[in-house]
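Read-outs: derived from the displayed coordinates by stated rules, not from any lab. As the structure is a prediction and not an experimental result, all values here were calculated from the model. Because the Cβ atoms are built from the backbone with ideal geometry, glycine has one as well, and the counts that use them run over all protein chains shown.
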Protein chains: 4
Amino acid sequence: MDVDKKYFSNITTRERAIFEGAISMGALFHQFVGTPVNKDSKESLEKAMEESLNLQPAIEKVEVKIRFDKLEESMTEFDYTSLTGDMLDVKIHTKVDDVAAIIRIEFIEELNYPLMYVEDIND
Amino acid sequence: MDVDKKYFSNITTRERAIFEGAISMGALFHQFVGTPVNKDSKESLEKAMEESLNLQPAIEKVEVKIRFDKLEESMTEFDYTSLTGDMLDVKIHTKVDDVAAIIRIEFIEELNYPLMYVEDIND
Amino acid sequence: MDVDKKYFSNITTRERAIFEGAISMGALFHQFVGTPVNKDSKESLEKAMEESLNLQPAIEKVEVKIRFDKLEESMTEFDYTSLTGDMLDVKIHTKVDDVAAIIRIEFIEELNYPLMYVEDIND
Amino acid sequence: MDVDKKYFSNITTRERAIFEGAISMGALFHQFVGTPVNKDSKESLEKAMEESLNLQPAIEKVEVKIRFDKLEESMTEFDYTSLTGDMLDVKIHTKVDDVAAIIRIEFIEELNYPLMYVEDIND
């Protein structure tokens, strides 16, 4: 089956690059929020997030930073906390044909909200 | 803050409608896959999935069907199973200004994969 | 196969009642934390959490309250937030033979931690 | 606050060792099921699962094996799949005072079910 022809001929290459990155960003957030984390386990969690989302269609690279300041703010009596959206600073790079896009999530204080948006797109 | 102006002026209305629906579809899959489910709890789970994802930006309506045939296929000795992607048949309707889009997930046997794609988009 | 005999003869009935409730409490937390929620969708989410966890072995009843005060505290510009552990007030009732237990999670301010413990056990 | 005295004096040391391991096993399953995975990302995911759950109270060591045979069985056209319970072979070691327990999950074909049980407990 030609998946692209059958399911994606109604959208442009640019739209496809945005679509695939957005799926993976929604996936990353809702898969990993809630995971126990502290400064010692931060790195292995970042790596697993990067490598797992990197498998999805059109994903070129995933860069995950778990914000240490936000991690410390929510620290508990038991020396770890649960991953929350405000700790996430992530860039997902997608590529479809000649279009490259970067989908970003970062916490915006003014909105009290981890905003997902298209940080860059070239065509 | 004018969020749309600051963060979304680099993409078209059509692209935004696709972006927001794709995020919510990735979110839905990765939030709820793994949930214990059987034919008795199916309906309340579908409703919670619909109402929770409906809260996200630009989402007009969410229609979730958990496929009974796939549910039964994976039934265990304990009369329930875990929600998997192949059970999901979901339509997420988005609206941004005058553009309406439907993002769909459905299991494609030939790919052995629950495919997410843009089922319809009007502009 | 006699599952109880093969896999659970090394623990007491009391221990089994605690074991099954603890599994379901860990499951509930990590399945649903991250879900988009506000005051309008709270009820359907509580119901789905109750009905899905109720399917697991030895679970008699699940009572979920999403704390409105904590929900409001973390409200965002977009009129919803993500479910976090501090919003959870949950009782899971288990029964194994003649032993009944209640496993509880509630947020303890002094620990800044949603503590899981055995609230009651009768034998 | 003396958490142990206030919240755990109604259960034995043995019961506490079982309780804490069961919570972490339920957590592990429901946090990570659904994660994109293939043979290349398997190792980083196993490590993140081990390090994150290791942070929880009373957990001494976590050993995660994602079963390669089950992973391959569910492989898709896109060279990855979603983590499911049948791929999990996990041992969680807990220690409370002088009691050491091992909580196990493994897929039991006869039940078509990933069973969690107390593999070993010494006191």
How far is the Cα center of region D:49-83 from the Cα center of region A:1-77, in Å?
17
Add +1 for every Lys or Arg and -1 for every Asp or Glu among the other residues with Cβ under 12 Å from the Cβ of B:L53, and state the total.
-3
Of B:K70/C:K47; A:K42/D:K39; A:K95/B:K65; B:K65/C:K65; D:K39/D:K95; A:K6/B:K65, which ones are farther than 28 Å apart at the Cα?
A:K95/B:K65; D:K39/D:K95
Axis carrying A to D; for chain A the Cβ-nearest residue and its rounded Å distance come to A:A48, 2
Both in Å, the radius of gyration and Dmax of the C-alpha trace of region D:1-74 are 15.7, 50
Could you compute the net charge surrounding B:N10? Neighbours are other residues with a C-beta less than 12 Å from the C-beta of B:N10; K and R count +1, D and E count -1.
0
Going toward the positive end of the dipole of chain D, with +1 on Lys and Arg Cβ and -1 on Asp and Glu Cβ, which of D:V90, D:T13, D:M75 do you reach last?
D:T13
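Report, in debye and to the nearest 20, how large the dipole of chain C comes out about its Cα centre when Lys and Arg carry +1 and Asp and Glu carry -1 on their Cβ.
Numbers: 14 positive and 26 negative charges, 90 e Å.
Here chain C has a charge dipole of around 440 debye.
I need the per residue convex hull volume for region A:62-123, using only the alpha carbons, in cubic angstrom as a whole number.
Details: hull volume 5.0 nm³, N = 62.
So the per-residue hull volume is 81 Å³.
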Note down the relative contact order for chain A as a percent, whole number, built from C-alpha pairs under 8 angstrom at least six residues apart.
26
Distances in nm from C:E110 to the matching label points in the other copies, shortest first (labels 7 Å along Cα to Cβ):
4.2, 4.9, 6.4
Around B:T81 (Cβ within 13 Å, Cβ-to-Cβ, excluding B:T81; K/R +1, D/E -1) the net charge comes to -4
In nm, the gap between the two label points placed 7 Å beyond Cα toward Cβ at B:E60 and A:E106 is 3.3
Over all pairs of distinct alpha carbons, what does the Kirkwood formula give as the hydrodynamic radius of the protein assembly as shown, in Å?
22.7
At C:K61, label 7 Å along Cα→Cβ: distances to the other copies, nm, ascending?
3.8, 4.3, 5.6
For peptide D:40-47, what's the mean number of Cβ atoms from other chains within 10 Å of each residue's Cβ?
5
At 37 °C and 0.692 mPa s, grab the translational diffusion coefficient of region D:3-122 from Stokes-Einstein with a Kirkwood Rh over Cα pairs, rounded to a whole number in µm² per second.
218
Taking the label point as lying 7 angstrom from Cα along the Cα-to-Cβ axis, what are the distances from C:N122 to the corresponding position in the remaining copies, in ascending order and in nanometres?
3.8, 5.9, 7.0
Cα shape, region D:50-97, gyration tensor, a/c 1.5 rule
prolate
Note the angle between two axes, namely the Cα long axis of helix C:42-53 and the longest principal axis of the Cα atoms of chain C, as a number of degrees from 0 to 90, rounded to the nearest 10.
20
